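The values are calculated or read from the model by the stated rules, or taken from the named source; none is laboratory data. All values derive from a computational prediction rather than experimental measurement. Glycine gets a Cβ as well: all are built from the backbone with ideal geometry, and neighbour counts include every protein chain shown.
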Amino acid sequence: MQSDEVVWQIINHGHCSYKVKKDQALTFCRNVYNVTGLCNRSSCPLANSNYSTILEQNGTLFLCLKSVERAHTPATMWQLKRLNENYDEAFRQVSKALEYWPKFIVHKNKQRLTKITQYLIRARNLANNTKGKFVSIPKMKKKKEERSEGKAQIAARIDSSIEQELLVFV
């Protein structure tokens, strides 16, 4: 059985491969399951036996639940619950699933749900409203094409003048 406090003491005072220190005051966590992105006791997925977060995979939202009962099987430690695509329905699903969880976890999960939903809406809008791509043409290539067009026009004028002269003699 794991003790959350012992795990946190080791992570906090020892080594954690997910920990990133920006300044003395700021310590970030790169763990995928971290709900806030900050490295602290309440938001560390490694040091909490009961934990939940929201993940997005290919535009689909999942509520990930970690419980003490699954701690002995790391492969199936996280239970994934697919959330509805409708934001209000997904919000209700999160509220119902985390009804008896600590308020901090519930609040941060709802914030994360809102943030990821807004991100998905923006991504969809960008995908739908794409305009044609601008392609740059190098100056030298453009000048070369203009010169060859000019030469082709001169050659066409010469051909037409020769043709007219031949028609006059016939």
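Worth pointing out:
- Single residue of segment 123-138 satisfying the filter (surrounded by fewer than 10 Cβ atoms within 10 Å (Cβ to Cβ) and of a type in the set (D, E, K, R)) that is farthest from D88 (Cα to Cα): K133
- The residue list W78, W101 contains one member that is touching a Cys at 6+ places or on another chain (Cβ under 9 Å) and surrounded by 10 or more Cβ atoms within 10 Å (Cβ to Cβ), which is W78.
- Any hit, segment 53-66, residues being at pLDDT 85 or above, part of a loop (DSSP other than H, G, I, E, B) and surrounded by 13 or more Cβ atoms within 10 Å (Cβ to Cβ): no
- Among the residues here, T36 qualifies as under 17 Å from the mean Cα position of the chain (by Cα), surrounded by 11 or more Cβ atoms within 10 Å (Cβ to Cβ) and not in a helix (DSSP H, G or I).
- Candidates are the residues of segment 66-105 that are of a type in the set (K, R) and under 17 Å from L46 (Cα atoms); the one that is farthest from the chain's Cα centre (by Cα) is R70.
- The residue pairs whose first member lies in segment 2-24 and is closer than 25 Å to E69 by Cα and part of a loop (DSSP other than H, G, I, E, B), whose second member is modelled with pLDDT under 85 and hydrophobic (A, V, I, L, M, F, W, C), and whose beta carbons are closer than 6 Å, counting only pairs six or more residues apart or on different chains, are Q2/A71.
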